Every structure is written in C-alpha cells, then in structure tokens.
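Q: Take a look at the following structure, please.
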Amino acid sequence: MMNELTSLNANPLVQFLDKTSDDFTKADLIRYIENHGIQLLNLRYAGADGRLKTLNFIIKDRQHLDGILSAGERVDGSSLFPDYVETGSSDLYVIPRYRTAFVNPFSEIPALDILCSYYDKDGLPFENSPEYILRKSHEVLKKKTGLSFEVMGELEYYIISEQDKLFEAADQRGYHESSPFCKWSNLRTEAMQSIARSGGFIKYAHSEVGNFTESGLSFEQNEIEFTPVRLEDAAEQLLLAKWILRSLAYKHGVTVTFAPKITTGKAGSGMHIHTRLMKDGHSVMLDDGKLSNTAKQAISGYLDLSQSLTAFGNTIPTSYFRLVPHQEAPTNICWGDRNRSVLVRVPLGWGSKHSMIIDANPKEPDTQKGFGSRQTVEFRCPDGSADVYLLFAGLTVAARHGFEMENALAYAEKTYVDVNIFEEKYKTRVNQLGQLPVSCWQSADFLQKQRKIYEEYNIFPPKIIDGIIRHLKSYNDEHLRESIKDNEKEIEKLVSTYLHCG
C-alpha cells in the first residue's frame, strides 16, 4: 500500500518507487528505467543565461546507464559560462542529482531527465556556478541563525497569439477570467500537469490582469504560483516551469514571454517571490497570530539590500519600464500588509482564529486546526529576467543580513506603510522612503556599494559580482527610460530585443 506522501503525487517515479524524491537512489532510477522502457537519458543544467541546457544519451545497456548515473559527463564550461571560465581550462563535470529525476513530458523517445550540479577538475563544486552559490547561501543561513529557508515564486507570463474576436476579454480586466474569455486556460493547465509530473509543487494558476489586442495579435497574461518548498527546490521549480511553458507554446504555435514589459500602459509581468523561515520543520513567521519579530528582521534585510538585489532580479533594460508608479509594481523601499504598492507585502496568512470554513459550511464538524504556517512575506520587484539561483541566493543573504543589522526592528517600523503610496495625498510619505533603481546601470552601482555583504562568508565569488556589474553596465541605459518613454517604436524595438529573457 502506498504511503500518504506518495499516493497522490503526480511524479510517476514517486508513484512507482513509493518514496519521496529526496530518497531516490541510483538503483531506484535504474529500476524505473528498466521497468518502463526508457531509452533516452537527458542530463540538464542551467547556463550563465539562466536557461536549461541538455546533454542527451541513448542508453546502450545497463553498464552504460550505470556509468552515466555514477560519473556524469564533462562539458565545455567556457561556452556555458563565458565570463567565468577560461577557454584554456574549460572542462567541467556535470553530476546528476538523483532526487531531481523526472520523466520528460515532451520526448517522443521515452526519456528520463535529471538536473545536475557542476564540479571542477579536482572534483570540487564549481565556485562560480549559480546553483552552488545558492547552496552556500542556505548553508550559511542555517549555520548562523539555526533557521532554514522555504521559498516559492509567482511566474507571470504573456501568451501572444492571433486575435480571436469571439468572447474578447475586456482590456486590462483579465484577472481570474474563465473560458471562453480566457483563451489559453488549456495551455495553462497542461503546463501545470507537466510541471507536477516533473516534481514541481503548484499552489494554483489563473489568468492575470493583462489582456489586450494590438495589430491583429492577442496578448493574454497568465500566472502559475507554486507552494513554498526548500530553497534549492524552489529555484528549480521555476527553471523547469519556464522550459515547460516555452515547449508547450512551441507545440501550440504561439509565443510565451516572461518579459517584464510588453508595451506602455499595460500590466507588466513580475516574478514575485514569497519566503518563510523555518525552524525544526515549523514556521517562525507568526507569533500569537501576528507577524513575528523574526519575520520583521528578515523584511528589514530585504529592504536594506533591495537596491542591489535588483542586479539579480531585474537584469534587462525593460525591467525598469515595469517598475513605475500606478502599475502594481513597486518603486519605493517599504513594506506593508496586503498592500500592492509596497516592495515587500505581507499577504493574508490565515493567522485569524475565526472558523471561516464552519461559517461557510454549518454542517461541517468543528475540527479546525491552525493554518498560520502558510504565512509568507512577498518580495515584489523581481521579474522573469532574473537568474533564479542568484536571486534566491541574494534573498537568502538579505534574510541573514536582517538578523545581523543592529537596528532591524526599528528600520522595519520606520519603513512600514499602510496606505497606497502612489496616491498624491501621500507624497510627503513617499519622499521619506528610499527608491529602487531606474536602470540596469544604477542597479550595478548599488551592487558595487553593497557587494561585501554578498561576498561575506565566501558566498558570492568576487568574479561573479564583477561580471554582473560589467554586464549591467554594458546596456548603457542610465537615462534610457526618460529618453524613449514617449517613443512607442523605440519601446517596441527594445521589448522585441528582450522578449525571450530568462
């Protein structure tokens, strides 16, 4: 009989092996491959561009399979990380992590895919690998605070297709719309199924606000939101989700884009990140139903490093065309409850002791338990251009930094707002707050100022920070937003350049 942790899990390996993915072994994978006629093995890993890379193997025999799963393979690091690996000593190993194995949802040849980590010539983790930087950031957080990090992302995206004039949705009124007004709900649910079968844990999905037509094309915004999981897993959920959505869009003959801005005056796409701190498997975000001081210290860390965090989470010029007032995107460094004009939002978290389910269902027995463990805090400025590994590593550093700040709780009190700060009557309050960068160039300047915090404890290698600063400066966009804000043709050209970011 299957145990309760595996019986409803969508991942075919979990179902067959009757164990959670954390417990997968090499022998387990070989057994699954032999029992299910798997012919193709794909090793997967992210490059410096944040996209999923692939190395294919047709399985010859058991010995061949065992060798791949035991030793991985070597790859050209100078092509995958051109800024961080020299051509003269470019070989890296890619070593599979068995817990990440999943059945490829698209391959015509039965295939098993596994995510990998990079190692250098000495068999040590590759220092400049974003995945390893993330792992180090979590290890330091746990060592210094005794807390672990659980994270989840909200992945917003637009689907671009030929205009269908039947049941057109109202402009910028697509939030939680149903078919037939929402045209691509089937692609969304197909993606959800593939993500779940690949090991992802999804909270829900829905259509989003953004919806418009232009030049015979329909632009429909959707969102898939995940559940909080271990930090490292959360990054890879997003990595796989992007690959799956793009593959499905190609299958259906449409375009999907995670670009932060499509055109002026329409909703942009963000990648909001929810976080919660855990101790011994229990959330520490609430204290007697209210936001805990622990949570407030982490929030202070996010806010204090927010200007430099954009270097990891808002990495292209159009990122800063989204971060403008009145578009439900943050521009000011502050936080608040349920407030979508702030940078860090504390959403409803089921901290109330009221039995809402009993009120809605009077005949249901009153056996309610607390749901306060659901409480998260949401960092709202990142977008789909982010390198998810480096962004999550940066947020982990920022959370730890919050505990190291001498005045964290006072800073949290000072930066709290409970109003819509985009309204003119609160202009005085806005003037008291710090501002997010307005360009990649400015983001790079802030990273340079705060780089020592990221480099502390050898988490971010200086070479990585130097490379990010150099890359952001290369856009020369210091005054770009001002110079082309009224030039629709130039904005369209810019959007097209970065349409397939991330």
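Q: Starting from residues that are among the aromatic types (Phe, Trp, Tyr) and within 23 Å of the chain's Cα centre (by Cα), keep the ones in the range 42-83 and report whichever is modelled with the highest pLDDT.
A: Restricting to residues being among the aromatic types (Phe, Trp, Tyr) and within 23 Å of the chain's Cα centre (by Cα), the top hit is 45.
Q: Out of the residues in the range 128-169 that are surrounded by fewer than 16 Cβ atoms within 10 Å (Cβ to Cβ) and touching a Lys or Arg at 6+ places or on another chain (Cβ under 7 Å), state the one that is nearest to residue 268 (Cα to Cα).
A: In this case the residue turns out to be 164.
Okay, residues lined up against (1) under 26 Å from the mean Cα position of the chain (by Cα); (2) charged (D, E, K, R):
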residue: 399; (1), (2): yes, no
residue: 407; (1), (2): no, no
residue: 435; (1), (2): yes, no
residue: 440; (1), (2): yes, no
residue: 445; (1), (2): yes, yes
residue: 457; (1), (2): yes, no
residue: 470; (1), (2): yes, yes
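Q: For residues that are closer than 14 Å to residue 347 by Cα and touching a Gly at 6+ places or on another chain (Cβ under 9 Å), tally how many sit in the range 280-295.
A: Total satisfying the criteria: 5.
Q: Let me ask something else. Report, by residue number, each residue of the range 189-200 that is within 17 Å of the chain's Cα centre (by Cα) and without any contact (Cβ under 8 Å) to a residue 40 or more places away in the chain.
A: If the condition is that a residue be within 17 Å of the chain's Cα centre (by Cα) and without any contact (Cβ under 8 Å) to a residue 40 or more places away in the chain, then 192 is the only one that fits.
Q: So, restricting to strands (runs of 3 or more DSSP E) that lie completely within the range 51-140, which ones have at least 3 residues that are under 24 Å from residue 21 (Cβ atoms) and touching a strand residue (DSSP E or B) at 6+ places or on another chain (Cβ under 9 Å)?
A: So the answer is 52-58, 91-96, 111-119.
Q: Does residue 497 fit the bill of being under 26 Å from residue 153 (Cβ atoms), over 21 Å from the mean Cα position of the chain (by Cα) and surrounded by fewer than 20 Cβ atoms within 10 Å (Cβ to Cβ)?
A: The answer is yes for residue 497.
Q: Could you figure out which of (1) surrounded by fewer than 17 Cβ atoms within 10 Å (Cβ to Cβ); (2) at pLDDT 95 or above; (3) not in a helix (DSSP H, G or I) isn't true of residue 420?
A: (2) is the only condition that residue 420 fails.
Q: Which of (1) under 30 Å from residue 470 (Cα atoms); (2) loosely packed, with under 15 Cβ neighbours inside 10 Å; (3) in contact (Cβ under 8 Å) with a residue 60 or more places away in the chain is the odd one out, the single condition residue 46 does not satisfy?
A: Among (1) under 30 Å from residue 470 (Cα atoms); (2) loosely packed, with under 15 Cβ neighbours inside 10 Å; (3) in contact (Cβ under 8 Å) with a residue 60 or more places away in the chain, residue 46 violates only (2).
Q: Let me ask something else about it. So is residue 125 at pLDDT 95 or above and in contact with a Gly (Cβ under 7 Å, 6 or more places away or on another chain) or not?
A: Spelling it out, it is not the case that residue 125 is at pLDDT 95 or above and in contact with a Gly (Cβ under 7 Å, 6 or more places away or on another chain).
Q: Surrounded by 24 or more Cβ atoms within 10 Å (Cβ to Cβ) and at pLDDT below 95, is that true of residue 388?
A: The answer is no for residue 388.
Q: So, residue 114, is that one farther than 26 Å from residue 14 by Cβ, of a type in the set (Val, Ile, Thr) and touching a Leu at 6+ places or on another chain (Cβ under 7 Å) or not?
A: no
Q: Have a look at 269, 306, 300, 292 and point out the one that is of a type in the set (Gly, Ala, Ser), at pLDDT 95 or above, under 20 Å from residue 151 (Cα atoms) and surrounded by fewer than 22 Cβ atoms within 10 Å (Cβ to Cβ).
A: Exactly one of 269, 306, 300, 292 is of a type in the set (Gly, Ala, Ser), at pLDDT 95 or above, under 20 Å from residue 151 (Cα atoms) and surrounded by fewer than 22 Cβ atoms within 10 Å (Cβ to Cβ), namely 292.
Q: Taking residue 259, is it surrounded by 19 or more Cβ atoms within 10 Å (Cβ to Cβ), at negative phi and not in a loop (DSSP other than H, G, I, E, B)?
A: Judged against the criteria, residue 259 is not a match.
The values are calculated or read from the model by the stated rules, or taken from the named source; none is laboratory data. These numbers come from a predicted model, not from an experiment. Don't worry about glycine lacking a Cβ; one is built from the backbone with ideal geometry, like all the others, and counts go over all protein chains shown.
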